[in-house]
Amino acid sequence: MHPMLNTAVKAARRAGNLILRYIDQLERLSIETKGRGDFVSEVDRAAEEAIIHVIRSGYPNHAILAEESGQQPGNEYQWIIDPLDGTTNFLHGYPQFAVSIALERNRRLEQAVVFDPLRNEIFTASRGGGAQLNERRVRVSKVTRLEHALLGTGFPFKTHEHLETWINTFRELLTHSSGVRRAGSAALDLAHVACGRLDGFWEFGLSPWDMAAGALLIQEAGGLTGDFAGGPTFLQGGNIVAGNPKIYAEMLRRIQPYLPAGLT
Ligand code: IPD
Ligand code: CA
Ligand code: CA
């Protein structure tokens, strides 16, 4: 395993184990509201601190972009961290959340880890080295037709900016697929595309830390990721489509007619 991926795995496991220690004390947690429907708890912050501590001890000069503490400048390497993806689920004891850590070099994704502590599933990828689930190689699904595909999505709940557009895409994709799931952790949804449990995924208005690790997992598992124009700007723009190559293409074709001019 690449030494930087090894560090990411160590950090993700440490954060995941910390998160699990809080699971039977949920009613005692201190919780703040960052915005409408957007919460942060002491667990998010403690998990992020644990991750940054592990990374800093190995790589003190690397830059960091972390959801709760923001940006710390550094050299050409940047770690992109979501310490707890699926906070709302976690705070309700709904068992679907994950730790997500990616590493970019000169803005190119190089390493990725998504850790699901409840299932003890660790998804890993290094650029050019394929994607693994618990150290065994995984690939995207082989489903070729949208009508046979199971898709994931996220509701645009924080801002309603894209609500109408999302509803239109939802109607279109729901009526032309086998089903659509909204599980509540984008990072884990993307990991599930990488290992073929979902055939495709789309969401509007995400942040880089929701997507970075999951996107590299999918690319290394033989899938495709893009913005709604099929371009590479999803990390900056926040809108993502992902899937196995056939389902990705079909999803883009069905989503595009519903996009307002200029939205990618
Ligand atoms: C959220 C989850 C959710 C997605 C939201 C994200 P958080 O992340 O990934 O599935 O729909 O847009 O913000 O806030 O739980 O880290
Ligand atoms: Ca997140
Ligand atoms: Ca989070």
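The values are calculated or read from the model by the stated rules, or taken from the named source; none is laboratory data. Since the model is a prediction, treat every value here as computed from it, not as a measurement. Ideal geometry is used to build each Cβ from the backbone, glycine not excepted, and the neighbour counts take in all protein chains shown. Ligands, DNA and RNA are excluded from the accessible area calculation, which covers all protein heavy atoms including side chains. Shrake-Rupley method; radii C 1.70, N 1.55, O 1.52, S 1.80 Å.
Of all residues in the stretch 14-39 being under 17 Å from residue 209 (Cα atoms) and surrounded by fewer than 20 Cβ atoms within 10 Å (Cβ to Cβ), which is farthest from the chain's Cα centre (by Cα)?
Among those that are under 17 Å from residue 209 (Cα atoms) and surrounded by fewer than 20 Cβ atoms within 10 Å (Cβ to Cβ), it is 34.
Working only within the stretch 129-170, note down all residues that are within 22 Å of residue 237 (Cβ to Cβ) and open to solvent by 40 Å² or more (accessible area, probe 1.4 Å).
Let us first name the residues in the stretch 129-170 that are within 22 Å of residue 237 (Cβ to Cβ), namely 151-170.
Within the stretch 129-170, 155, 157, 158, 159, 160, 161, 163, 164, 167, 168, 170 meet the criteria.
Check 46, 63 and return the single one that is surrounded by fewer than 21 Cβ atoms within 10 Å (Cβ to Cβ), closer than 17 Å to residue 26 by Cα and away from ligand 2 (no atom under 14 Å from the Cβ).
That would be 46, the only listed residue that is surrounded by fewer than 21 Cβ atoms within 10 Å (Cβ to Cβ), closer than 17 Å to residue 26 by Cα and away from ligand 2 (no atom under 14 Å from the Cβ).
Only one of (1) more than 14 Å from ligand 2 (Cβ to nearest atom); (2) surrounded by 24 or more Cβ atoms within 10 Å (Cβ to Cβ) fails for residue 173. Which number is that?
(2)
If I ask for residues that are in contact (Cβ under 8 Å) with a residue 12 or more places away in the chain, out of contact with any Leu (no Cβ under 8 Å at 6 or more places or on another chain) and over 25 Å from residue 138 (Cα atoms), which ones from the stretch 234-256 would you list?
Listed by number, the residues that qualify are 236, 237, 256.
Considering each residue of the stretch 200-212, count those that are among the hydrophobic types (A, V, I, L, M, F, W, C) and either more than 15 Å from ligand 3 (Cβ to nearest atom) or farther than 13 Å from residue 235 by Cβ (or both), and give that number.
Selection size over the stretch 200-212: 3.
Give me the residue from the stretch 84-103 that is buried (at least 24 other Cβ atoms within 10 Å of the Cβ) and away from ligand 1 (no atom under 12 Å from the Cβ) and, out of that set, farthest from residue 23 (Cα to Cα).
For the stretch 84-103, the residue satisfying everything is 103.
When you scan the stretch 245-259, do you find a residue that is modelled with pLDDT of 95 or more and within 26 Å of residue 77 (Cβ to Cβ), even just one?
No, the stretch 245-259 contains no residue that is modelled with pLDDT of 95 or more and within 26 Å of residue 77 (Cβ to Cβ).
Being within 16 Å of residue 162 (Cβ to Cβ) and open to solvent by 10 Å² or more (accessible area, probe 1.4 Å) is the filter here; which residues of the stretch 240-264 pass it?
Within the stretch 240-264, 256, 257, 258, 259, 260, 261, 262, 263, 264 qualify.
Looking only at residues that are of a type in the set (Asp, Glu) and more than 8 Å from the chain's Cα centre (by Cα) in the stretch 196-212, which one is nearest to ligand 1 (Cβ to nearest atom)?
Here the answer is 203.
I need the full set of residues from the stretch 74-89 which are under 17 Å from the mean Cα position of the chain (by Cα) and either more than 16 Å from ligand 3 (Cβ to nearest atom) or assigned to a strand (DSSP E or B) (or both), in order please. Let's see the steps before the verdict.
Within the stretch 74-89, the subset under 17 Å from the mean Cα position of the chain (by Cα) is 78-89.
78, 79, 80, 81, 82, 83, 84, 85, listed by residue number.
Picking from 182, 197, which residue would you name as being touching a Leu at 6+ places or on another chain (Cβ under 9 Å) and either more than 15 Å from ligand 3 (Cβ to nearest atom) or hydrophobic (A, V, I, L, M, F, W, C) (or both)?
Result of the check over 182, 197: 197.
Which residue, of 215, 187, is within 26 Å of residue 134 (Cα to Cα), away from ligand 3 (no atom under 16 Å from the Cβ) and under 12 Å from the mean Cα position of the chain (by Cα)?
Result of the check over 215, 187: 215.
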